[in-house]
Amino acid sequence: MADVLWGRSSELALLRELLAGPPERGGTLVVRGGSGVGKSSLLAAAAAHAVELGLGVVTVAGSQAECRVPFSGLHTLLDVLDEKMVDGNPCQVSLAVMEALAKAAVTRPLLVLVDDAQWLDPLSWDALAFAGRRLVADPVVLLVAMRDGAETDARLAGLPFTQLPVEPLDEADSAALLDSHAPGLARHLRDRVLTEAEGNPLGLVELAGVVARFGENGLLPARLPLTTRLERSFGVLVAELPSLTRTLLLAAALSDGDDLGEVLAAGAVVAGATTAIEDVEPAVAARLLEVDDTYRVRFRHPLVRSSVYHASSLSGRRRVHAALARVVPHPDRAVWHRAAATIGVDEPLADDLAAVGERLCRRGATTTAGAAWERAARLTGNPATRASHLLRAAEAALEVADRESSGRLLRDVVADDLPNSDRSRLMWLREFMLDGGWSGATRLPGQVAVAERMMLDGRSDQALDALLLIAMRCFWSNPDQKLRDDIVTVVERLDLSPLEPRLVAMLGLVAPVERGAVVLARMTTLLDRTDLEAEHLHWLAAAANAIGALGLSATFAADAVAMLRDQGRLASLAQALVTQAWAVAQLGHTVLGMTAAAEARELAVETGQLGYAVTAGLLLGHVEALRGNGEAARELAGWGEQALLTSGAHTMLALAQVARGVDALADGRYDEAVETLDRIFDAADVAFHPYVRFATISHLAEAGARADRHDEVWARVRELAPLEGCSPALRVGLLCARALLTQDESEWRAALAADLAAWPFERARLQLAYGGWLRRRRPKQARPVLRAAATTFDALGALPWADRARAELRASGESRRRPDDGIDQLTPQELQVARLVVEGLSNREIAGRMFLSPRTVSTHLYRIYPKVGISSRAELAGVMARMYVS
């Protein structure tokens with residue numbers, strides 16, 4: 001890198017390594033540190049080196065003034081790439097940005113520089129983060145600079161990006177930098193600048209400049225923070241500028257754009273005189289402002305902008321905002337400036353801001369929409385309108401998981417100012433969404449009362465949505481029977497068709513035992529419907545899991561997942577994938593279970609749904625246990641358990657016990673498996689769950705039979721027997737449990753004669769146990785039974801059970817080798833690619849399905865082929881065929 005940066009050799013070396021990746025690979029690096037520490041200088045050095053290497057360079061910068069303008073950062077990026085902005089939801093925009101970057105990198109590798117990313121508008125940040133996570137195989141390098149602080153920490157939380165902390169310079173490098181800029185400085189002044197700058201490069205340069213111009217008297221007291229001293233030093237330079245130049249600087253500081261023409265026009269309005277580019281040049285000469293060849297304005301450093309802002313008067317800022325409102329061409333931007341220039345009540349302006357909020361909400365700019373509604377609330381003198389706007393702002397804050405802001409806004413709402421219909425919404429938000437964490441069943445009665453009030457107020461759709469959330473909370477809260485009955489009464493009182501999907505889902509979640517048979521019959525009818533929406537399909541899948549209709553759940557979930565992928569709704573897709581993973585994990589399908597759970601976990605983190613991320617992680621632990629990856633299963637179970645205990649969601653601990661118990665069973669630690677799984681069946685245990693038991697009883701029975709603890713497990717079988725008719729999973733589980741515990745040939749034969757086509761894992765479990773029993777008595781008859789068990793377990797990916805079946809076969813006198821196809825070595829994403837190849841999709845179609853670039857898909861295939869010992873897509877289809885079992 002051509003320019004010398006004192007004390008940054010290690011940082012420059014890391015940047016060189018990153019830029020050496022293309023064209024084979026890309027990557028994302030976040031350069032972070034305090035204000036003035038040299039982040040922008042590192043980006044500039046990287047840009048220069050990229051040009052030397054032949055990379056294209058694109059630069060985007062965040063701005064405090066533009067952070068509420070949706071997609072403002074992306075507009076700059078796409079303009080440079082000569083691409084148009086996509087009109088769609090945030091996911092569709094993110095996909096378009098990823099595709100635009102990948103397309104631009106086809107001709108030559110691309111470096112994307114993002115400075116001050118902490119101030120990018122949220123939608124632009126989300127889109128760039130989306131692309132950065134997925135373009136690792138494309139020759140696109142994303143280099144991001146961010147100032148340390150809470151906003152940066154929040155934006156980087158959960159992202160897998162490498163971070164490069166930029167620390168202050170050491171004493172020797174600080175001295176060298178200072179001497180290069182102020183070589184003739186007197187020693188006592190030199191020492192003072194070194195002391196007060198504390199290794200901050202910007203501080204060293206700017207304080208040296210102040211001393212050079214004004215002497216020691218120009219330095220502010222050392223007790224002030226460095227940023228304050230620097231800001232005031234810039235203020236000294238600003239104060240020396242001509243009055244009109246200062247006005248233009250303030251217009252640039254307050255503008256939510258970077259167009260010099262707008263700045264000059266606003267300055268002319270304020271000054272009442274014609275302005276020209278010559279009026280800006282004194283600020284450029286003072287190195288406060290930069291203007292490029294396209295007449296885009298940029299402050300040399302964010303502290304210059306804040307210095308200009310804080311040096312101005314309140315009345316001066318109002319005049320400039322009013323001027324900007326007159327000259328900016330976009331109506332929505334003008335409204336914000338009008339609002340900034342307005343004191344007191346302005347009903348038309350409040351209406352305009354509320355309309356802006358509605359438009360922003362439709363575009364997915366929820367955070368900015370909430371800010372518009374909140375400002376509109378402060379501008380209206382109508383109490384009912386004010387309360388309604390605050391309520392909308394609170395809902396927007398909740399949608400982006402900003403519980404602190406939502407709580408503040410909800411406390412500001414005066415309930416008596418709202419109409420009855422909105423009062424119900426307020427009660428719901430306060431009761432259900434802001435209960436301070438997991439409250440289990442304790443608040444459910446109050447929540448049900450709110451839902452009833454919504455129905456009485458004529459808000460049936462909102463009541464339905466509320467009841468669905470109540471139903472899901474009910475499933476995971478173990479409420480008493482009276483409360484379940486009360487909820488069922490409310491649900492069945494709704495004036496809905498018996499086949500209304502949401503009604504069916506609510507009954508299944510609230511009363512899996514009491515209404516299980518009815519729900520199953522209605523779901524079977526709904527299976528043929530082609531007009532169901534993605535949300536309906538997802539809720540039906542969740543309720544099918546609740547009643548143990550796992551095959552139905554898998555079908556509904558698959559349809560919901562497909563629809564949500566097409567619609568690009570990542571948050572809802574994460575939820576549907578969790579539901580799909582639940583169903584297929586219980587069925588023992590490890591390939592689909594692994595891919596669904598892994599993708600659900602990644603998308604849940606990406607969309608800020610940490611509760612779903614925890615659930616997905618526990619389901620992934622269950623699948624890893626089935627696959628025999630015990631270390632991974634135990635790590636995921638421990639991580640999930642810690643998260644659940646922290647949040648207070650104790651009833652979900654059953655999922656952690658399933659993962660641990662299946663791991664112990666797979667590893668042959670049978671006594672441990674009994675003790676771990678039995679906690680789910682013990683009503684006095686914190687991990688007890690009445691319905692998770694349904695699909696777990698056969699695991700417990702196998703562990704009990706192998707540990708010779710038959711009596712303990714028989715007690716659990718007898719407890720569940722009266723409920724057998726309500727749940728397909730429980731019926732099959734008890735069928736297996738009785739055969740495993742009795743170890744009587746007639747029981748095994750009867751169980752295997754049952755229709756278990758939809759339950760391959762349980763059928764193979766019975767075959768393994770029966771085959772082992774036969775092998776000790778009639779080895780020849782045992783072989784086909786054990787052979788069938790091994791084949792099914794191999795197909796399901798349940799390797800510990802497949803290995804046991806092969807061991808029994810060897811003991812019977814027949815040798816059967818474990819398939820050596822390398823499928824178990826594939827990562828979840830590689831498995832997903834392989835499955836889609838088998839379905840006949842092209843690389844581009846797979847990329848669209850998985851929200852990846854085509855090059856990333858090609859890279860996955862490049863890694864898959866040697867792992868499974870093949871060289872073509874056709875061969876891959878043959879290898880993967882064994883992973884599909886009926």
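Coordinate-derived values only; no laboratory data. The structure displayed is predicted, hence computed values, not measured ones. Glycine gets a Cβ as well: all are built from the backbone with ideal geometry, and neighbour counts include every protein chain shown.
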Taking the Cα centre as origin and putting +1 on Lys and Arg beta-carbons and -1 on Asp and Glu beta-carbons, what dipole magnitude results for the range 569-664, to the nearest 20 debye? 180 debye
For the chain, which semi-axes, largest first and in whole Å, follow from the square roots of 5 times the eigenvalues of its Cα gyration tensor? 59, 35, 23
List the lysines whose Cα sits under 25 Å from the Cα of Lys103, skipping any in the same chain fewer than 8 residues away. Lys84
Picking from Thr368, Ala354, Val327, whose Cα lies most toward the positive end of the charge dipole for the range 316-390 (charges on Cβ: Lys, Arg +1; Asp, Glu -1)? Val327
Return the sequence-ordered ³J(HN,Hα) values of the range 788-800 in whole Hz as given by the Karplus equation 6.51 cos²θ - 1.76 cosθ + 1.60 applied to θ = phi - 60°, using x for Gly and Pro. 5, 4, 4, 4, 5, 5, 4, 5, 6, x, 8, 5, x
Residue (of His689, Gly733, His699) at the positive-pole extreme of the range 668-742, dipole from beta-carbon charges: Gly733
Can you give me the C-alpha center-to-center distance between the range 316-350 and the range 473-537, rounded to a whole angstrom? 50 Å
Straight-distance crosslink candidates among aspartates and glutamates, where the alpha carbon sits under 13 Å from Lys482 and sequence neighbours closer than 8 are dropped: Glu514
For the chain, the charge dipole (Cβ of Lys, Arg +1; Cβ of Asp, Glu -1; about the Cα centre) points to a positive end, and the Cα of Phe234, Leu202, Leu786 closest to that extreme belongs to Leu786
Could you grab the relative contact order for the chain? Cα pairs under 8 Å, six or more apart, rounded to a whole percent. 7 percent
Taking the Cβ of Gly611 as the centre, find all other residues whose Cβ is under 12 Å away and add up their charges (Lys, Arg: +1; Asp, Glu: -1). +2
Trypsin sites (Lys or Arg not before Pro) restricted to the range 84-144 and DSSP loop, no more than 14 other C-beta within 10 Å: Lys84
Cβ-placed point charges (K, R +1; D, E -1), dipole of the range 676-779 about Cα centre in debye, nearest 20: 460 debye
Which whole-number percent gives the relative contact order of the range 459-534, counting Cα pairs below 8 Å spaced six or more residues apart? 32 percent
Under the rule of at least 5 residues apart or a separate chain, name every residue whose amide H is placed under 5 Å from the amide H of Asp115. Val60, Ala61, Gly62, Ala145
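Relative contact order of the range 238-340, please, whole-number percent, based on alpha carbon pairs below 8 angstrom and at least 6 residues apart.
31 percent
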If we count other beta carbons within 10 Å of each Cβ, what is the order of His689, His622, fewest first? His689, His622
Residue by residue through the range 495-507, what is 3J(HN,Hα) from phi via Karplus (6.51 cos²θ - 1.76 cosθ + 1.60, θ = phi - 60°)? Round to whole Hz and write x for glycine and proline. 7, 10, 5, x, 9, 4, x, 5, 5, 4, 5, 4, 4
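At a 10 angstrom cut-off on C-beta neighbours, averaged per residue, how do the peptides 765-774, 295-304, 151-160, 543-552 rank from highest to lowest?
Listed from highest to lowest mean packing, they are 543-552, 765-774, 295-304, 151-160.
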antiparallel share of DSSP beta bridges within the chain, to nearest 5, in %, is 15 percent
Mind pulling the angle between the C-alpha long axis of helix 260-271 and the longest principal axis of the chain? Nearest 10 degrees, somewhere in 0 to 90. 50 degrees
Here the range 127-138 yields Karplus 3J(HN,Hα) values (6.51, -1.76, 1.60; θ = phi - 60°; whole Hz; Gly and Pro given as x) of 5, 5, 5, 4, 5, x, 6, 10, 9, 5, 8, 8
In degrees, nearest 10, the alpha-carbon axis of helix 403-412 is tilted away from the dominant principal axis of the alpha carbons of the chain by 70 degrees
Residues Glu814, Glu535 in order from fewest to most other beta-carbon atoms within 10 Å are Glu814, Glu535
Under a plain spin-label model, where a point goes 7 Å from the Cα along Cα-to-Cβ, how far apart in nm are Asp465 and Arg318? 3.9 nm
Nearest 10 degrees is fine. How inclined is helix 630-647 to the longest principal axis of the chain, computing both from alpha carbons? 60 degrees
Most exposed first by the Cβ proxy, i.e. fewest other Cβ within 10 Å, how do Ser406, Ser243, Ser853, Ser647 rank? Ser243, Ser647, Ser406, Ser853
